[in-house]
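Worksheet: the structure to be examined is printed underneath.
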Amino acid sequence: MDDKGGTKYILADVKKCLGCRCCEQACADANGNRPYWDLLESGIPLSPNINILYIFLQDKNYPIMAQAVCRQCEDAPCVKICPVRAISVNPDGVKIIDKRRCIGCHSCSIVCPFGAVYIPDKHAVATKCTLCIERKGAEGQPACIEACPNGALKLVDTKEIGQEKVKKIVYDTLSD
């Protein structure tokens, strides 16, 4: 992590999320998967690094949407547990998985408190959000943020907005 900012990660406003999955499509495309529509036609499952979860609560007759995306933990359990040290931290604090070193043991996915590290069947190695560090979009934003038609996703910096504000945003979003 650099001195200019805190931990950055993608935060979803589930009140704005349409459930359209454009973020998943953009993520899959940006991370070298075959184009989304080709995948749908071929029956190959989409494997983006961000996933939208549909949560059904008993007192609501509609689902709420939540994203399963890496929060780039400062004291990341995935980095600590990896037996082959395939997960490293870049200077900006982004956790990166070296797919050549990953042995697919699932340790990182088991300890991730957000369910954001997973191993798609077709890859057999762990994958997670990297904030699109290898790609520079129109405004330097991750592909999923640029693709969201309703502005439900944003890149937050805990140092800029404060950890308490992040907790409040998450609580307010889920308590509606």
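The values are calculated or read from the model by the stated rules, or taken from the named source; none is laboratory data. None of these values were measured; they are calculated from a predicted model. Glycine gets a Cβ as well: all are built from the backbone with ideal geometry, and neighbour counts include every protein chain shown.
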Just wondering, is there one or more residues in the stretch 83-104 that are at pLDDT 85 or above, of a type outside the set (V, I, T), buried (at least 19 other Cβ atoms within 10 Å of the Cβ) and within 13 Å of I10 (Cβ to Cβ)?
-> no
Test: R135 is modelled with pLDDT of 90 or more and of a type in the set (K, R) | no
Within the stretch 91-114, is even one residue out of contact with any helix residue (DSSP H, G or I) (no Cβ under 6 Å at 6 or more places or on another chain), part of a loop (DSSP other than H, G, I, E, B), within 20 Å of E24 (Cα to Cα) and among the small types (G, A, S)?
-> no
